[in-house]
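A quick write-up on the structure given underneath.
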Amino acid sequence: MGKRKEVRATVKGKLRFDSLEDKAFLLYAMRDFKDAVEYAHSLMRKGIEESKIVNTHFENT
């Protein structure tokens, strides 16, 4: 198999919120996503297979 190509997404623009609650929810979701990525990265460094990391959430629900 070949090397994986790194893909990065960039969004440029201004977000507009109808309420403070909408902004808070987005910031919470962003933080939750960041924490999940950091956790997955730490598991990968420990040598756990990617397929087991990705499926962990669904097996525990």
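Applying the set (1) surrounded by 10 or more Cβ atoms within 10 Å (Cβ to Cβ); (2) of a type in the set (Lys, Arg); (3) at pLDDT 90 or above to residue 52 leaves exactly one unmet item: (3). So, in region 17-50, exactly how many residues are outside any loop (DSSP other than H, G, I, E, B) and either among the charged types (D, E, K, R) or in contact with a strand residue (DSSP E or B) (Cβ under 6 Å, 6 or more places away or on another chain) (or both)? So the count comes out to 10.
The values are calculated or read from the model by the stated rules, or taken from the named source; none is laboratory data. Small disclaimer: the values here were computed from a predicted structure and weren't measured. Using ideal geometry, Cβ is built from the backbone for each residue, glycine included, and neighbour counts are taken over all protein chains shown.
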